[in-house]
Amino acid sequence: MKKNIAKQKIKNGIPSIGTWVSSGNPLVCETLAGSGIDWINIECEHSSIDLGELVHCMRAVEHTNIPVFVRVAGSDPLIIKRVVDSGALGIVVPDVKNAEEAKRAVDACRYPPVGKRGIGATRPNAIYPDYMKHANEEICVVIMIEDIEAIKKIDSIMQVPGVDVVFIGPNDLAATLNVPLGMDNQHPKHLDAVNTVLEAGKKHGVPTGIHCGTPEEAIRRIEQGFVWMPIASDVALMRGAFSNAIKKVNDSSVKSESSSDGKFY
Ligand code: 3PY
Ligand code: MG
């Protein structure tokens, strides 16, 4: 089956950069796969992307070496089952609050005797004849820490066998800390919580990651010791690029010369 290049990098302590795909659009996935990125993550927690659209996104990058991660809606095995059976090479589980939830997520992603995943992955078995042999090893389990309750229990969460990455969701974390939202959050309470996760990861030998807003933030996070970083999302990057483009044109003298009502269409 397809090797999970992102998981290999992380296991060797090499930082791995990806992005979130919130559009659920196969052409966006194809385009990102050619950008030098290590992986893409299809956002199925806070979007309307359904399973059919998800599989089209997977097909769009099947011919490349880019692994597809999927952020599911929660740690319930009934939610994880159909996504992992659709062929995801990484599962991102939001809002894991304790070791039990982390174990539940790992169990849903790994076949017995390691975990409790049910047998019968239709699509992966159709495209990878050796899927059953390698699935446990290639699938990357990323659990998210984004609640102050999870920060308090971080040592026990880090000790759950089979967790490949512990990943911080900065905005939900800010919300539960009752501090202003923001990706590169500089509020002292937020900095403290992020540092607690980073240090626990170092202590227990578990790779850590955090959602970054910009490449500059990703560089700083790598310097701190984080290894699994998405930079923004397809829709955020598209909006940012077009806002800048439109602003440049609107701010230029061409605009005021060529537009009678002061607007640029
Ligand atoms: C958050 O910031 O809450 C996230 O879930 C980012 O992925
Ligand atoms: Mg979140």
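Some observations on this one:
- CD proxy at 222 nm, helix term only [per DSSP H run n ≥ 4: -39500 (n - 2.57); per residue of the chain; nearest 500]: -13500 deg cm²/dmol
- Mean Cα-pair separation over length for the stretch 1-155, i.e. relative contact order, pairs under 8 Å, 6 or more apart, %: 22
- Sites listed here are GluC sites (Glu not before Pro) in the stretch 129-215 whose DSSP assignment is loop and whose Cβ has at most 12 other Cβ atoms within 10 Å, and the list is empty.
- Over 32 Å apart at the Cα level, from the set LYS116/LYS203; LYS11/LYS81; LYS9/LYS81; LYS2/LYS153, are LYS2/LYS153.
- Loop sites in the stretch 1-92: chymotrypsin sites (Phe, Trp or Tyr not before Pro), DSSP, at most 10 other Cβ within 10 Å: none
- Note on the stretch 163-216: semi-axes of the ellipsoid equivalent to its C-alpha gyration tensor, largest first and rounded to whole Å, are 20, 13, 9.
- Long-range tail of P(r) for the stretch 108-241 (Cα pairs > 22 Å, %): 47
- With Cα atoms as the point set, the radius of gyration and Dmax of the stretch 56-159 evaluate to 14.1, 43 Å.
- The orientation-averaged projected area of the convex hull spanned by the Cα atoms of the chain comes to 15.9 nm².
- The stretch 1-24-the stretch 93-163 distance, computed between alpha-carbon centres (Å): 16
- Projecting the Cα atoms of ILE17, VAL106, PHE226 onto the charge dipole of the chain, computed from C-beta unit charges around the Cα centre, puts VAL106 farthest toward the positive end.
- Against the rule of thumb 2.2 N^0.38 Å, how large the Cα Rg of the stretch 13-99 comes out: 1.05
Here, each number is a calculation from the coordinates, and none is a lab measurement. Being a predicted model, the structure only gives us computed values, none of them experimental. Ideal geometry is used to build each Cβ from the backbone, glycine not excepted, and the neighbour counts take in all protein chains shown.
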